[in-house]
Every structure is written in C-alpha cells, then in structure tokens.
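Asker: Input: one structure, supplied below.
Each value in this text was obtained by applying a stated rule to the coordinates, not by laboratory testing. If you're wondering where the values come from, they're calculated on a predicted model, not measured in any experiment. Cβ placement follows ideal geometry from the backbone for every residue including glycine, while neighbour counts extend to all protein chains displayed.
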Amino acid sequence: MLVPTGGFGWVIGRHQVAPKGQSECVLNLGVAAPADADAVVDRTRAAGADVVTEPTAQPWGYAGVFADPDGHLWMVSADSGS
C-alpha cells in the first residue's frame, strides 16, 4: 500500500510520512484469522518491534501494524470472518 501525504492515521500512528520526493509504503502480511494476527503481533513485540497500532477490527477486516528495526511498517491483516 502506498501511503498518501495525509497518511492513514490508524496505520502509521505517530510515524511521519516520508518527505516529498520519497515514497512511503506499508508491507502487508496476510494471515488466516484474527487470532493469527494477534499471535504475529505478539511475537514481534516480544522480539522488540515497535507496535504502532494494536490489532483491531476494521471495516474491511482485522489488522495491526508494527515497525521493524529499520522503521519499515508492517500490517498484519486477516479477514474478520463476518
């Protein structure tokens, strides 16, 4: 996902959008179920990742976001099952 200048507040949290002339993106890891998303985010937190947004229900599914050691944002997402 490319992030527009205005950002997606629920995705990028307090992270700044890339400066003009650079591209900001979010890498996505799709998992089978919300419990799997919770487990992945918990593992990343235990490994020292910065959890930007806790996994939660969204209008289109279920997702949480963390930043890796280089500051890249990763979204872990699942179908909400509804």
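Asker: What's the ranking of 27-34, 62-69, 42-49 by average number of surrounding C-beta atoms within 10 Å, highest first?
Answerer: So the order, starting with the most tightly packed, is 62-69, 27-34, 42-49.
Asker: Convert each backbone phi in region 25-42 into a coupling constant with the Karplus relation 6.51 cos²θ - 1.76 cosθ + 1.60 (shift: θ = phi - 60°), then list the ³J(HN,Hα) values in order as whole Hz, x for Gly and Pro.
Answerer: 9, 10, 8, 10, 10, x, 10, 6, 8, x, 4, 5, 5, 4, 5, 5, 5, 4
Asker: With θ set to phi - 60° and the Karplus curve 6.51 cos²θ - 1.76 cosθ + 1.60, what are the ³J(HN,Hα) couplings of region 47-54 in order, to the nearest whole Hz, using x for Gly and Pro?
Answerer: These are the phi-based 3J(HN,Hα) values: 7, x, 5, 8, 6, 7, 9, 5 Hz.
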